[in-house]
Every structure is written in C-alpha cells, then in structure tokens.
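Q: Take a look at the following structure, please.
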Amino acid sequence: MGFTEKAKIMDKEAVEKALIRMSHEILEKNKDTDGLVIVGIRNRGELIANRMAANIKEISGKDIPVGAMDITLYRDDLTQVAEQPVVKETVIDFDINGKMIILVDDVLFTGRTIRCALDELIDFGRPKNIQLAVLIDRGHRELPIRADYVGKNVPTSLDEVVEVRLSEADGTDEVVLCQKN
Amino acid sequence: MKYLIKNGHVIDPKNKIDAVMDVLISGVKIEKVAKSIEAKDAEVIDAKDRIVAPGLIDMHVHLREPGREDKETVATGTHAAVCSGVTSVCCMPNTEPAIDNPKEVKALKDIIKRTAVANVFIVGAITKDRDGKKIVDVEGMKKAGVVALSDDGNSVEDPEVMLKALKQAKKNSTFLMPHCEDKKISDKGVMNEGIIATKLGLRAMPKKAEYEIVKRDIELAKKAGARLHIAHVSCKESIDIIRKAKKDGIKVTAEATPHHFSLTDECVAGYDTNTKVDPPLRSREDVDAVKKAISDGTIDVIASDHAPHGKHEKDVEYDYAAFGMIGLETSFPLAVMNLIDTKLISWQRLVELMSLNPAKILGLGSKGSLSAGSDADIVIIDPSKQWVYKEQDIKSKSKNSPFIGKTLKGAAVVTIVGGKIAYKA
Amino acid sequence: MPEKLAWKRKDLLGIEELSKEEIELILNTADSFKEVTTRRIKKVPALRGKTVVNLFYEPSTRTRTSFELAAKRLSADVINIAVEVSSVKKGETLIDTGRNIEALMADVIIVRHNCSGAPYILSKSVKASVVNAGDGWHEHPTQALLDIFTLKSKLGRIKGLKVSIIGDIAHSRVARSNIWGLTKLGAQVTVCAPPVLIPPGMESFGVKVTNDLDEAIREADAINVLRMQFERDNVSAFPSRMEYFKAYGVTEDRLKGAKKHILVMHPGPINRGVEISAEVADGPKSVILEQVTNGIAVRMAVLYLVTHAQGGAI
C-alpha cells in the first residue's frame, strides 16, 4: 500500500512555533518544574520530547529528565500487524514515582498507542499524574483519551495518513497529509 | 499361449545380443530370438523404441512373511516387483519366526505358491533364530528348497561357527550371503561416521564395522574352500578387500544396493528416518568407489535390500527408527540414472548386474537370459520414461523411501513371468 | 543492520540454519528485553493469552526454569511436561505427544530431547512453534545465543574475537551451537579436548582443533568450559575425574598465561574440581551468573520472535 502526498499541513516554522507554544503551556500548568519529567514514545515522540525539553530549558533554565519508551510489547494488535515491529529498548533511567509525566507522541489517532504507553508507564511506578502532549490530533478516537497539549488539530478521513517528519530522522521538519492508495 | 514381442531392442548379455530383434514366447518358455519373426498364432506386443531384456532378478528382498504381514506380504512384495520389471526375488529369512528349519521353508513355499505373482526363491537362516550360535539343518533346508543361507541383519559373530557353516554350505552345494557388520563396533550407531554425523550429533557406525567382517568372512571362505556372496557392500575398504580376493582367486561375489550408489550420508541432514539404513549411507568417496566397483566387475550384482517398515516404525526419533528402506520399485530407474546416464556402464552390463549374474550365482540356469528354451521371464522397458515417485502410487505395503517425490527415469512397461503378462503399464 | 529485517521462522531449531542477520536480530531483540528484566515490574503483555509448553524428555532445571520465566515475563501461560525417557518406548510417540499438546491450543512447544533431531521431527508434525531447548549431541541454540549475547555485552563485539571451547566436544550440543553461531558472526573458534572427545571432521567446521589446554587459553578472549559428564559410557578414555582435572581442568594457575581481559563461561551446571576449579568459577573472570541472567532476555526474544513470525512463516 502506498501513499500520495495531498497537502502540507505544517512547515518547519509552524512545527517550531507549535512546539514552543506547547512548552509554554506545559510550564504554565506545571509551575513547579521539580517533579516534571518528559517521556516520548518511540520513534517520533521521543524526538519531540527532546525538543520540548530543550525549549523548557531555554524558557525556564531548568533541566527536565527525558525518557523514551517503546510500546511494542504492550500493543493489543501484535498478532494482527502485517509487519513485525522491531522491539526497541525503553529508557526511563529516573524514578517516576510521584512525578508529573508529560507523555509525548507525534500523532494522536485512535488512542490505542497512548493506552499502551499508560499501561507501560504504570509498570514503572506510580506517578502523581500523566499529561499528554501531541503535535497533531487527527481525531477518530476509539478509546476515551484526550490530549492536554495539542500542536494542531487536523480533521482527517480514515483513508488519510498524517506523516510527521522531523529533521533528526527525516532531514526536514514538516507535517504532510497523505492519501492511501 | 504365444506372444511375439516385435521390434524391441533386445539386450541379452549371455547370448551377446544387443540389437533390434523379435522374441517369440511359447507357453512358459522362450521359443526363439531372431530378426523379423512371423508367427500367426501369437499375440503381438509392439516393443518399438523399447528395450527387451531377461526379467530382473533381485536377490535381496525382505517380504516380511511370515510374521510381519503388516509391513509386506509375498503378494504385495511380488506385485511391487513385477510392476518394476523384477520377475524373481530372493526373500530374506529374518521373518517371525525366522526361516531356520525345513518346516518353515515348506510353509513359506506354500504361501509363495498360493500368493506370489513373481518367482520367489527362499534364503534360509545360517543359524537358529539368526543368533549366530547353532547352525541350521543345512542339508534339510537345501532339500526343502532354499537357494542360499544368510543371517541377514546380523553377522555370525563367532568365526568358528561361520567357518563350520561355510563348510556345510559347500558340502550341500549352496552358499552363504553374509551381512557384514561387527555390532561391537557399530554399537548404537545410526549413520555413517564422518562430518555429517558430527554435524547432526548422531551416533556413528564406522566403516570398520563392515570391512573387518568382510575381510574375516572372505578369509574363512578361503579356508573352507566355499563360495561366498557378500550382501550390500557399502564402502571403499570393503570393495578393496573384495577386489583383491577376486584377484587371488577366492570364490567371492558381491552385491551393492541402488541407495549405496545413489545417495550419500548428506541425505541424513533433516533427519528423514527413511535415510536410516544398515549398512548406512556412506560418504561421496564410498559412493564413487561402489560405482567404480560396479563398472570394473568387483561388484557382480545390484540388489535392492528392499526393507519395508510401517509408519509407526519410521515416524519416530532418528535414533529409534527402524533400519531399512523399500527399493524394489526404485532399483531399476536408479541404476539407469546413476549408471547408464552417467555412461559408467552399458545396458549389457546393467542386465548382467540385474539379471544374468544373480541367475548364475543362484544357480538358476533357465533364467537370466533369453536363450531358446529358457523361462519366459521378460521385461520390456521404456528407458527414457520420466516419472515422479509418489507415495500414493507405491505398490509395496510400506512407504519408507527417501526417493518419494523425486523424478525417476526408466520404467517397465510390460513384465512377463513364466510366459504370462504379470504387469502392463 | 536494516531496521525492517523481519523474523520469518515458525521455529528455532538450531543455529546452523540461521543467517548472520537472523542471529543479530535475536541478539538485538534480546537487548531490548534485557531492559524489561531490570524493571520494577518485570513483565510485559506481549504473549498475553498465549500458551507455552515446556516438553522435556531429559531432566533439566536450569533451562526449563529460564524458559518458564521468560514466557511468564511475556505474560504467557506456561505448562511443564516432563516425560520419563524410560517410558518413551512403551508410551506414545513424540509426534503423538506433540499433536496432543497442540490440541490443547499450545502456541509454542519448547522441547528438550535426548535424541538428536527430535525437534525437527516434532516441528514437521505440528503447527505450533517449536523451540529447541537441546537435542541429543546436536544443538542447544538458546544456550549459544545467550553465550554470544554475554560475550558481546562484555567485550562489545564478536567479530575477530578468539573463543576457545574446552571439554567434551564430541557429545556437546552446546559446543556445536556455539561453533555455528560464533563462526557466522566472525569469531575465531578453537576447540580443545583430549583426542577421544574430538569428533571426526571437526576441522571442516572452520575451527582450530587442539589437545593442549594451555594453547587454547593463551590467545583466547574468552573460554567456554563445557560440563564433563562422566556418567556417559563412552568417556572411559579418562579413567578418573582427577586425571581429567589435571589435564584439562581450568584453574587459576592455567589462566596465568591468559589475556588480562579473558572471560570464563560455562553453560552449567558446574562440576567444581572436574572441568573448572571453584576459584575460577567464582573469580572475577567468570561471567557464569551473568550468562544465567542473560538467558532469560535471550529466551524472551526468541519466544517473542517465533510467536510473531511474519506472514508466510517458514
């Protein structure tokens, strides 16, 4: 199955602005940065988490611990996926007990990935709270999950795909709407 | 009833015929072989582009009757034989009970008379229960009709017993066809010793277990002045010993099986229990030595060592599986593919190995050739027919063959036993 | 390594049939699972609802426990079946047992068998995944994988390493699997044993053969010391344990000529004072207990991969 690019939703500048805005919102809501940690979902969520931590450092001067998680082993569709996911390491080398966790992913869609991530996080400890930050919310939720921080809401149809490209992995920063062929 | 086989390429090494000729059969005998025979009263069988040869004689077959009719019977085994061009077989005595006394020989003869569709000649045991201890009543067995003696599956361990048996065989104008294996050496082995066994982690049966007994039995035969036919020779060392013995004038003949000139021990990889056979499949070097021995005359006979086993004896761990594979139906095509197509031997030589020589060794003067007055045991062969050996087409009651699924070349199209058409494709 | 390399095998029967890339995929996946084993809750739901059966025809506490724990940490249900070898001949056949286990809806059958090749026969007759937990003298793939995993995590690489395998090579499935795995990944392997315990044709495996323990130790980055089983009937060539220990036992003294960083491995269970001295087994060069820990991560990776083999599994 291939994709055809339909429209560019965000360019480099828009991505950057959205991430800065979200970083501000996070700081507003979490005045005490002492208990604040960020965990990104591999692969793009991890990259966004790193950028947000850098933004927060710039804004507040505080170093926020960043972790990365691989949710493959928690997926509810492991036996159905056509391509076998490569299992990668989850790296959360700090204690999450009593912490305020900003969980970061690139696109919020059905909510199932976030469900996996929540289950996995709970296996690491008992945080004070978990907040969700996503660059794109494209709708079509299948679980009662919503984001606390959203870069951009993009109404989509089910035969469309949202691709987030980040320079660290893809050489460029942009968000593109694609059509499934 | 008369049959006239027209325009076939007749191969009859005894009469040095290798040409397109007609063969006239009258009743149970061959009347004549000549160019353009006319016989108005005969039914004509067209053999254009076919080979016409004396019926094949397989002198090493396990028909399993009496006792293991679940694996094979005289009826099913001989049916498999005639469908493959084999008109005579020798059946081995490792039945239950063993054919080790004249009464058993007579009982088996009765079964053969009632059920066989090919000629069956009985090989009796050398010792009571084939346990290597007490020699059978050789004279009585011979009178009852055995053609040879063998404890096949076992060697006669005690050389003194073997020597006595050889002397008695000589006295009674018969011969021994020993299975040569020192079980103290092959022990719990299941395959040939070498790289493949090491790779697969399987217990090995060193070649020494075979050739030491080949050497011993030949020495004993020399001492006794007796005739000896070594069964299923599988390795280079055994062949060297036999070649030298023949040169020294010792009365020894030898047979090789098609699997020992077609397959190497590499086939065991994958643990297909149908490759488990005794003697085991050997190395490439041994396979080449067997082929050379076939072409230079050291090996006199090709015999299948057709050894049927039930599924429950093969669908188990390699270590626990029974030794043996069926071979009646693949023997001829394997010889065509591995010996004729490779230009190792001629058709003349092939018929010698598979008909004339067995007849000579067994003392069957009226078989093994198309001489006028001989038994009308004839095979008409399509030498270039390619066919796939499928499990559902196997005529034998057992299906334990490593050649299942393989494309084979050469097939009998008509088999005549005693002047009657026993098989027609 | 390409990220999208997928595991396609239904079974893990041996190392010999694996490609270098497949071995690396298992090792990399095991890396991720090793992290799971360090968590507060050492369990992930990847095999939730799956049934794993340990079918053991030979007594084994360590391998069975390791597989059991690996399966449980993946949230699978685990059943252990121990078959008395003495009752095999009268009892049901391996194939029947396999089919019965499959009828219980088992997804994976982990089999340990005294006969070489038994897992191959089983795998042909069941649809469930078959994982070889050691067959006769043939292979013990997960042991080799955990040995290699341990080597790689301690020394950072496999390619170019010199590894000596010491002991009863002839009757060792651990030796064979290690030889296949290490040579495929570019290590130089030496096997060292008294002549009677070197099987025919060993050189054709691409290894160096020596009867001299000091030579095997001298150049090695790691040695893998095999368990010496004196209960075997055909090890009569060495009359006593003490005699074997004197000639081939790995001791502090023998290790004096070794490289400083040499690692000492052993698949266990250890015969102290037979193939290895207590001082070496418990000493700083020994990674024997790390091997045990790594075994769980490696076996988790194997169970994960075979149960999620990509479509058209072979």
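Q: Select the helices (runs of 4 or more DSSP H) contained entirely in segment B:288-366, then report the ones holding at least 1 residues which are within 14 Å of chain C (Cβ to nearest Cβ) and either farther than 20 Å from B:T78 by Cα or out of contact with any His (no Cβ under 7 Å at 6 or more places or on another chain) (or both). Write out each step before concluding.
A: Values: elements: B:311-314, B:331-335, B:347-351, B:357-362.
Per the criteria, B:311-314.
Q: Condition test on C:E35, is it assigned by TED's automatic domain parsing to the domain that holds C:I110 and at pLDDT below 95?
A: It is true that C:E35 is assigned by TED's automatic domain parsing to the domain that holds C:I110 and at pLDDT below 95.
Q: Is it true that some residue in segment C:56-75 is of a type in the set (G, A, S), at pLDDT 95 or above and within 25 Å of B:T198 (Cβ to Cβ)?
A: Looking through segment C:56-75, none of the residues is of a type in the set (G, A, S), at pLDDT 95 or above and within 25 Å of B:T198 (Cβ to Cβ).
Q: When both residues are 6+ apart or on different chains and their Cβ atoms are under 7 Å apart, which pairs have a first residue that lies in segment B:255-271 and is away from chain C (no Cβ under 13 Å) and within 21 Å of B:V214 (Cβ to Cβ), and a second that is polar (S, T, N, Q) and outside any helix (DSSP H, G or I)?
A: B:T257/B:S304; B:P258/B:S304; B:P258/B:T330; B:H260/B:S234; B:T264/B:S283
Q: Follow-up question, since we're still on this one. Please enumerate the residues belonging to segment C:25-49 that are more than 9 Å from chain A (Cβ to nearest Cβ) and buried (at least 18 other Cβ atoms within 10 Å of the Cβ).
A: Hits for segment C:25-49 are C:I26, C:L27, C:A30.
Q: Is it the case that some residue within segment B:378-392 is part of a loop (DSSP other than H, G, I, E, B), modelled with pLDDT of 95 or more, in contact with a helix residue (DSSP H, G or I) (Cβ under 6 Å, 6 or more places away or on another chain) and not assigned by TED's automatic domain parsing to the domain that holds B:G85?
A: The answer is no; no qualifying residue exists.
Q: Among the residues of segment B:109-134, which ones are crowded, with 21+ Cβ neighbours inside 10 Å, more than 19 Å from the chain's Cα centre (by Cα) and of a type in the set (A, V, I, L, M)?
A: none
Q: Can you find, within segment A:1-36, the residue that is farthest from the chain's Cα centre (by Cα) among those that are more than 28 Å from A:P65 (Cβ to Cβ) and of a type in the set (V, I, T)?
A: So, considering only residues that are more than 28 Å from A:P65 (Cβ to Cβ) and of a type in the set (V, I, T), the one farthest from the chain's Cα centre (by Cα) is A:T4.
Q: Of the residues B:A81, B:A39, B:A75, only one is of a type in the set (A, V, I, L, M, F, W, C), modelled with pLDDT under 95 and surrounded by 17 or more Cβ atoms within 10 Å (Cβ to Cβ); which?
A: One residue alone meets the criteria, B:A39.
Q: Continuing with this model, one more query. Can you tell me which residues in segment B:26-50 are among the β-branched types (V, I, T) and either over 26 Å from the mean Cα position of the chain (by Cα) or not assigned by TED's automatic domain parsing to the domain that holds B:I416 (or both)?
A: Result: B:V33, B:I37, B:V44, B:I45.
Q: A further question on this structure: So the check is Cβ under 7 Å with 6+ separation or different chains; which pairs have a first residue in segment A:63-75 that's in contact (Cβ under 8 Å) with a residue 40 or more places away in the chain and a second one that's among the hydroxyl-bearing types (S, T, Y)?
A: Hits for this filter: A:M69/A:T90; A:I71/A:T113.
Q: For segment C:62-153, which strands (runs of 3 or more DSSP E) that fit wholly inside it have 2 or more residues that are within 14 Å of chain B (Cβ to nearest Cβ) and not aromatic (F, W, Y)?
A: The strands (runs of 3 or more DSSP E) meeting that bar are C:108-113, C:129-135.
Q: What is the number of the single condition among (1) within 30 Å of C:A30 (Cβ to Cβ); (2) in contact with a strand residue (DSSP E or B) (Cβ under 7 Å, 6 or more places away or on another chain); (3) within 14 Å of chain B (Cβ to nearest Cβ) that C:I198 does not meet?
A: Here C:I198 meets the rest and fails (1).
Q: Please note which strands (runs of 3 or more DSSP E) are completely contained in segment C:171-225 and include at least 2 residues that are without any contact (Cβ under 8 Å) to a residue 60 or more places away in the chain and either out of contact with any Asp or Glu (no Cβ under 9 Å at 6 or more places or on another chain) or surrounded by fewer than 22 Cβ atoms within 10 Å (Cβ to Cβ) (or both). Please lay out each step first, then the result.
A: Working: elements: C:188-192, C:208-210, C:222-225.
Result: C:188-192, C:208-210.
Q: Still on this model: Restricting to segment B:268-287, and then to whatever is of a type in the set (A, V, I, L, M) and in a loop (DSSP other than H, G, I, E, B), can you tell me which residue is farthest from C:S125 (Cα to Cα)?
A: B:L281
Q: Follow-up. Give segment C:258-314 a look and list any residue that's within 14 Å of chain A (Cβ to nearest Cβ), touching a helix residue (DSSP H, G or I) at 6+ places or on another chain (Cβ under 9 Å) and surrounded by fewer than 19 Cβ atoms within 10 Å (Cβ to Cβ), or say none.
A: Within segment C:258-314, C:A313 is the sole residue that qualifies.
Q: Can B:I230 be described as at pLDDT 95 or above, more than 13 Å from chain C (Cβ to nearest Cβ), touching a Ser or Thr at 6+ places or on another chain (Cβ under 8 Å) and over 24 Å from B:K183 (Cα atoms)?
A: Here the answer is no, as B:I230 does not meet what is asked.
Q: Quick one: in segment B:231-263, which of the residues that are part of a loop (DSSP other than H, G, I, E, B) and surrounded by fewer than 19 Cβ atoms within 10 Å (Cβ to Cβ) is nearest to the chain's Cα centre (by Cα)? So that I can check it myself, show each step before the final result.
A: As a first pass, look at segment B:231-263 and keep what is part of a loop (DSSP other than H, G, I, E, B): B:231-235, B:248-251, B:257, B:263.
Then drop every residue that is not surrounded by fewer than 19 Cβ atoms within 10 Å (Cβ to Cβ), which leaves B:248-251.
Details: B:D248: 26, B:G249: 24, B:I250: 22, B:K251: 20 Å.
Residue satisfying both the conditions and the ranking: B:K251.
Q: Another question, then. Go through segment A:64-80 and give me each residue that's modelled with pLDDT under 85 and over 23 Å from C:A297 (Cα atoms).
A: Within segment A:64-80, A:Q80 is the sole residue that qualifies.
Q: Continuing with the same structure: Which one is nearest to C:A118 (Cα to Cα) among residues in segment B:291-315 that are of a type in the set (A, V, I, L, M, F, W, C) and crowded, with 24+ Cβ neighbours inside 10 Å?
A: The qualifying residue nearest to C:A118 (Cα to Cα) is B:A307.
Q: Next up: Got at least one residue in segment B:205-219 being in contact with a strand residue (DSSP E or B) (Cβ under 7 Å, 6 or more places away or on another chain) and within 30 Å of C:L122 (Cβ to Cβ)?
A: Looking through segment B:205-219, at least one residue is in contact with a strand residue (DSSP E or B) (Cβ under 7 Å, 6 or more places away or on another chain) and within 30 Å of C:L122 (Cβ to Cβ).
Q: Hey, another quick one. Would you confirm whether any residue within segment B:94-111 is outside any helix (DSSP H, G or I), modelled with pLDDT under 95 and of a type in the set (D, E, K, R)?
A: No, segment B:94-111 contains no residue that is outside any helix (DSSP H, G or I), modelled with pLDDT under 95 and of a type in the set (D, E, K, R).
Q: Condition first: at pLDDT below 95, in contact with a Pro (Cβ under 8 Å, 6 or more places away or on another chain) and of a type in the set (K, R). Can you find one or more residues in segment A:52-63 that meet it?
A: No, segment A:52-63 contains no residue that is at pLDDT below 95, in contact with a Pro (Cβ under 8 Å, 6 or more places away or on another chain) and of a type in the set (K, R).
Q: I would also like to ask the following. Only helices (runs of 4 or more DSSP H) wholly contained in segment B:115-205 count here; list those with 1 or more residues that are more than 20 Å from B:E104 (Cα to Cα) and within 14 Å of another protein chain (Cβ to nearest Cβ). Outline the logic, then answer.
A: On the way: elements: B:138-144, B:159-171, B:183-186, B:195-200.
Once the helices (runs of 4 or more DSSP H) in segment B:115-205 are filtered for at least 1 residues that are more than 20 Å from B:E104 (Cα to Cα) and within 14 Å of another protein chain (Cβ to nearest Cβ), what remains is B:183-186, B:195-200.
The values are calculated or read from the model by the stated rules, or taken from the named source; none is laboratory data. Everything numeric in this text was worked out from a predicted model, so none of it was measured. Reconstructed Cβ throughout: ideal geometry from the backbone, glycine too, with neighbour counts over all protein chains shown.
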